[in-house]
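These notes concern the structure reproduced below.
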Amino acid sequence: MNRPFASLLHIRVLPWLGLLLLGLAGSPAMAEDGATLRLGVLEFRGEADAWSRWSATARYLDEALPDHRVELQPLDFNRLEQVVARGDVDLVLANPGFYALLETAHGARPLASLDTGLRSGQGCCRFGAVVFTRADRDDLRHLQDLQRQRIAAVHEHSFGGYQMLLRELHDLGISQHRTLARMDFLGDHDAVVQAVLSGRYDAGVVRTGILEAMAEERRVRLDAFRVVGARGAAEGLSQRLSTRLYPEWPLAALPHVSVSLANQVAVALLPMPAEHPAARAAGIQGWTAPLNYQSVHELLYALRLPPYDAPRQFSLSELWVQYQWQISAGFLLLFGLALALFRGQRLNRRLAEAGRLLQSRVEMRTEHLNVANRSLQREVEQRRQAEAEVLAQSRRQAQVLEAVDEAIFGLDADCRVEFANPAAEALAGCSIGQMRGQRLSGVLQIRDDQGRSAWEPDGDCLAEDPMPVSIRRAFDQTLYHRDGRVLVVDYAFRPILEGGQVRGGVFSCRDITGRKRIEESLRLHAQVFDTATEGVMIADARGRILSVNRAFEQVTGYSAEEVVGRNPSILSSGRQDKAFYRRMWDTIKGEGIWSGEIWNRRKDGEIYPEWLTISSIAGPNGEASHFVAVFSDITAQKRSEQEIDFLANHDPLTGLANRNLFEDRLAHAISMAGRNGQHVGLLLVDLDRFRLINDGMGHGPGDALLRETGRRLGHCVRDSDTVARLGGDEFGIILEGLADAADAGMQAERILEAMRAPLRLGGQELFCTVSIGIAVFPADGTDAATLLRHADTAMALAKREGRNNFQFYTHALTEAVFSRLNIETGLRHALERDELRLHYQPILDAASGRIAAMESLMRWQHPERGLVSPGVFIPVAEQSDLILALGRWALVSACAQVRAWSDAGLEPVPVSVNIPACHFRQPGFVEEVLGVVRETGVQPQSLIIELTESALMEPVSLAEERIRRLRDTGVVVAIDDFGTGYSSLGYLQRFHVNYLKVDRSFVSGLPGDENARAITEAVIGVSHSLGLQVVAEGVETQAQLDHLRATGCDKVQGYLTGRPVTAEVAATLLPGAGEKVISLPG
């Protein structure tokens, strides 16, 4: 041992060893049975943490020592020193530095050391210190960087939290007081960590494992720290570390504890398993035999820390007692030296006399030897120069062997390795010391392309026995490396011959795996280049074409031979100007890449679009050395885009612009007209009764009608105008550049005239008219949405005015639209709030005057407007989906009223319900009617379904089948307002209805109007011939009633015979309510 502490330790060991043996032999017991064994634990993270970690260990010792009660005392550094000095503690668990102080000052002895399970390259159960700073402090990476910094430490007695760092700084020449800006002691490790995180200190030092423990407790994040002077990997420790490692904490017994008791404690702790609750609570793997704490004493001695902070004073008696054997040996040595000096003087006198005699003889022989020596020196010099030259040559050869990348093995006659260069060691995966004396077959595992070993005698390669006498070579052989890699090698064997016999050989082997990979990569790149579907062209820095692939030839029509060496400008179409190409090359030079669409010319002259990407490739000097162009022919893509664009903006059926394109052009036309002070006419054209044709003849003729309409509209307008199909049977026309709004009316008149011409559909000649609504910019609106809305309003007016006409928009129409919207909104709320009512008008037998039936008439009891006439809200409902809801409500309410009258003991008469045409055409209408009849429990004969002629005509077969099904169940069916539609009396044979109701427009002309009289009499006569009854509506005068009786009309209805009344009043008119008979006038 050369260090200062080594000698001190040697002095201390021998005397104390004897005392220890005497103590073990017969030390008296410390305490009697039942005494308290006080265990002092140094707390380094607070008293609560110490209790949590070591309470289980105290209980463990309690159970293991039944004669003693173990008392745990967590103490900080200062309190632990005090209780040890007073003798108020028996066992101490502390850091190694504190233990060294206890051992020296108080004679403490170790019983066991902590086994933390952390094993390093220097042993097990070791720990160190970690110096850390915040993660954002890039200036603190090494311990030398701590100079002039503020350091936070735990305590002057903290081994891992102060003393280990002090030793490292001492070895680096860094003084705590002169070089560091400041070092403060904060008491425990957690306070040090928080102080550094808060920024109050530049760095801190704690023992290893503290940061990891606080991270597991989720109190800190490890990525918030940077380790200063990190050396964990070098020490073989997984935790963060900045210093050397030292032995873990020992458990020590103070001298007053008996040896037997101390042994009992050690015997109890050493077998503790890692899974024991006490070990888990303490965070350790268990306990181990006491470790060697010499390195701790050396650290304290080097730093002059307690107990080595002051020189020790020895008395002469202490020196004699402690060093008596050394002092005795010193005196004996001095006595021997004096005796030897006396005898040496006598011997020297004798030797002097013999020397003089010998000198004369030597002088004589010296001359002879000098002559021979000069001759020998010349020979030695010559041989030395020759050896030096050979050595230099050998060194040069060795340097060459070491420098070459090729593996070279020197073999003896038995093919055993004698030498190998560094490349050979790397290829074999072992050193020359491991290879020397082994056969080459055991060093290298090489196989040929047939899978045979290179060492097989019948192989194509090198065999061991006998060694070949000629040069052997093999290429692309497979070598299986010791580390698992598979390499490709070439090798050669050259024999060394002496007298025709093989005395050895040189085996050289080259690893060509990298070259093979490059060759394969180049082959693959060439294959990809040649088989790519995109055209690829490579040019040099001057723009000359160097190479093209097969796709380039297919797209451009040029072969590689025709373009290599030429400029790519041969492909230019001329569509892009010089400014375009200048911008393109500026982008390539600035960004290294350009992508875009460009038009080029094929060899046959065809111009085509392509998507082109040009990339520059930088040479060694950073300048572009080559350019790579990759392109694809996008002719088909452009064609598809055009088709998609057309489909996105045009109607696929007619080929006209669709609503999207129409609105875009309308906005553009408005913008241009606003700048030029012109008018724009907007015409909305709707086919009259298109649904009748489409449903009656099928969709094929309907589509043909739409196409023909589009064609005719196109012929009526200028090329600058726009015709569009907006949806269904609605078309739109934009008339641009109008000087006057009247021009739009003239254009509409031409359209009406063109549409009056007959057309043939499905072999039939048809006439189809249109209704046109006109709005003009800027008078009727300054934006597209407003013009469209107003034109639609005008078109609705054209429909109401009898179709086949055009109407200009007026503000009165807008007011009417808003009125209809208010009515529609109110109707929806009326259904929800039960504001609708049914009134009942009697239908009397013309002959007897008795009530034969009642017609239900809908009324709206508006909360603000009072009773609203059906003439106001029914037309609005017919233009929306509300008409269906109103029809269902009327049907259910009428049947329910009939049932209510019946339940009240009255004899109900049939009640008629007016069914709209759209309701009658709904799928499942018959099932709906029959379901209401069943649910309300009325007789089918009590319900009369009144249908208009329009409901029967669309389509006829469907109406005929539904009427038949209703009549088969007993429901009565009547045709309302007969004579106002387009049906003929001949249709009555097909519709098996019960009776007809002559429209009030004919009755009102009786008896003076001859036409009305003729029509009425004809309807009554034909109906009776077909077995149908007739009801006359709108009878208001006695003359009308007299004429109807005279012509044989069966029933009458009107204000003359009875006005519509509420259900309550109507009940008083029913049979059973007094057998009331309404007397007919006259």
Rg over Rh, two decimals, segment 404-516 (C-alpha only, Kirkwood Rh): 0.94
Going by the alpha-carbon gyration tensor, a ≥ b ≥ c the square roots of its eigenvalues, is segment 748-862 rounded (a/c under 1.5) or, if a/c is not under 1.5, prolate (a/b greater than b/c) versus oblate? oblate
Rounded to the nearest whole number, the Stokes-Einstein translational diffusion coefficient of segment 532-639 at 37 °C and 0.692 mPa s (Kirkwood radius, C-alpha pairs) in µm²/s is 231
Amide H neighbours of Q678 at under 5 Å, excluding residues fewer than 5 places away on the same chain, with H built from the backbone geometry, are none
So what's the Cα pair-distance distribution over segment 128-232, bin width 10 Å, in %? 16, 56, 26, 2
Honestly segment 822-1067 on the Cα gyration tensor test (a ≥ b ≥ c root eigenvalues; a/c under 1.5 rounded, otherwise a/b vs b/c for prolate or oblate) is just rounded
Segment 904-946: radius of gyration and largest Cα-Cα distance (Dmax), Å: 11.7, 36
Stokes-Einstein D in µm²/s, Kirkwood radius over Cα pairs - segment 1001-1077 at 4 °C with 1.567 mPa s viscosity: 95
Can you put Y293, Y1055, Y201 in order of Cβ neighbours within 10 angstrom, beginning with the fewest? Y1055, Y293, Y201
Could you put M164, M435 in order, starting from the residue whose Cβ has the fewest other Cβ atoms within 10 Å? M435, M164
Using alpha carbons only, how many degrees (0 to 90, rounded to 10) separate the axis of helix 96-106 from the longest principal axis of the chain? 40
For segment 870-881, Karplus couplings with θ = phi - 60° (6.51, -1.76, 1.60), whole Hz, Gly/Pro x: x, x, 8, 9, 5, x, 5, 5, 5, 8, 9, 7
For segment 514-527, take each phi angle, set θ = phi - 60°, evaluate the Karplus expression 6.51 cos²θ - 1.76 cosθ + 1.60, and give the result in whole Hz per residue in order, putting x for glycine and proline. x, 5, 5, 4, 5, 4, 5, 5, 5, 5, 5, 4, 5, 5
Roughly how many Å is it from the Cα centre of segment 818-837 to that of segment 281-304, as a whole number? 95
Applied in sequence order to segment 55-72, the curve 6.51 cos²θ - 1.76 cosθ + 1.60 (Karplus, θ = phi - 60°) yields integer Hz couplings, x standing for Gly and Pro, of 5, 5, 5, 4, 5, 4, 5, 4, 6, 6, 10, x, 8, 9, 10, 8, 10, 8
Cα centroid separation - segment 757-778 against segment 859-892, whole Å: 32
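Provide the gained length on full extension for the span R485 to I588, in nm with one decimal, where the gain is 0.36 nm per separating residue minus the Cα-Cα distance.
Gain on stretching R485 to I588: 32.8 nm.
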Assuming a ≥ b ≥ c are the square roots of the Cα gyration tensor eigenvalues, decide whether the chain counts as rounded (a/c under 1.5), prolate (otherwise, with a/b larger than b/c) or oblate. prolate
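Just so you know, all these numbers are worked out from the coordinates, no wet-lab data involved. Everything quoted here is computed from the prediction, not taken from an experiment. Cβ sites come from the backbone with ideal geometry, for glycine too, and all protein chains shown count toward neighbours.
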